[in-house]
1. Within 14 Å, Cβ to Cβ, of Ile139, how many net charges do the neighbouring residues add up to if Lys/Arg are +1 and Asp/Glu are -1?
2. By how many nm would the segment from Lys108 to Val30 lengthen if fully extended, with 0.36 nm per residue of separation less the alpha-carbon distance?
3. Pop the C-beta distance of Phe120 and Ser142 into the FRET formula with R0 = 30 Å and round what comes out to the nearest 0.05.
4. Tell me, what HN-Hα J-couplings in whole Hz come from the Karplus equation 6.51 cos²θ - 1.76 cosθ + 1.60 at θ = phi - 60° for each residue of the range 204-218, using x for Gly and Pro?
5. Using θ = phi - 60° and the Karplus relation 6.51 cos²θ - 1.76 cosθ + 1.60, list the HN-Hα couplings for the range 139-148 in order, rounded to whole Hz, with x at every Gly or Pro.
6. May I ask you to derive the FRET efficiency for Glu178 and Ile93 from their Cβ-Cβ distance with R0 = 45 Å, giving the value to the nearest 0.05?
7. Given Cα positions, please report Rg to Rh for the range 153-232, the hydrodynamic radius being the Kirkwood one.
8. Could you grab the relative contact order for the range 74-151? Cα pairs under 8 Å, six or more apart, rounded to a whole percent.
Amino acid sequence: FVWNASRATADYKVNSALPLLFGLMAISIVATLVILSLPPLLLGSRLPRSPGSMRALLFFLFIGAGYILIQVALIQKFVLFLGHPTYALTVIIFSMLLSSGAGSFCSKRVTKGDPGRLGFVLFVITGAILLLSAVVTPIVESGVALPFAVRVFLSVLLISPVGFAMGMPFPTGLSLLERIMPASVRWAWAINAASSVMGSAAAMFLAIYLGLQLTLVIGGLFYLAAWLSIRTSPLTVRAPVEVLTA
C-alpha cells in the first residue's frame, strides 16, 4: 500500500518523467542529424564551402532555437493564467503565429534588406523578451481572477508585439542569403527547422532545471547570438541600391 501511494505522489511522477524527457531529447537530436545527413548522402547536396557560409547559417539556427524556446516557455507560463493547458497552447500559438506572420509580411518594408536594420530588430527582440520575462510573472499572478475573455485579451496583447518582431529576422535573413549565397537557402530552411525540433525538447529541459523565466531569457539571448553570428558573415554585405529597392 505504501509503495502504491508513493507511486501516486507528484515527486514520483516528475522523477519518472525525466528519463522520458532525456529520451525525447536524444531521439530529437539523432533524428535531426539523420535527416540532415540524407541530402548529402543521397543527393550529393553538401553544405556550402564558401567563406563565411557556416556563420551565415548559424544565424538561422539561433533564431529557430530562440523562437521555439520562447514559445514553449510562454505556453507553460500561461497555463495557470488561462486555466488549462489547452487554452494556453491555443492562445499562445495562435498569437505568436498570427503576429509573426504579420511581422514577416511587413519585414521588407521595415528592414528593407539592410543588415543594420536587421541587427536593430534583433536587439529589439532581445530587449523585449528580457522585459517580458520580468513582467509576465507579476501580471499572470495578479490576473488569475479576471474573466476568461479579459485574460485571453491580455495574453494576446502581451505576446503579439514580441511575436511581430520575431517574424522579421527569418525572411530578412533569407533574402540576404539568397542575394549572396543562393545555394545555401535550402540549408537555411533545413537548419532553422531542425533547431526548432531540438529546441522544443530543450525548452522543457531548461524549464525544469532552470525555470521558465530563465528559459525566456535564454531564448532572448539566442537572438543576440544571431546578431553576433551575422556581424562577421557575408550577410552583412550591403546590396546595391537598385537591388534593395526592387
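Just so you know, all these numbers are worked out from the coordinates, no wet-lab data involved. These figures come from a predicted structure and were not determined experimentally. A quick note on method: Cβ atoms are made from the backbone with ideal geometry, for glycine too, and the neighbour counts reach across all protein chains shown.
1. Local charge sum for Ile139: +1.
2. Working: separation 78, 0.36 × 78 = 28.08 nm, distance 3.59 nm.
Contour length minus the Cα-Cα distance gives 24.5 nm.
3. Details: r = 33 Å, r/R0 = 1.09.
Calculated value: 0.35.
4. With the stated coefficients, the range 204-218 comes to 5, 4, 5, 5, 6, 8, 10, x, 5, 5, 5, 5, 4, 4, 4 Hz.
5. Values, residue by residue: 5, 5, 6, 7, x, 5, 8, 6, x, 4 Hz.
6. 0.95
7. 1.02
8. That works out to 40 percent.
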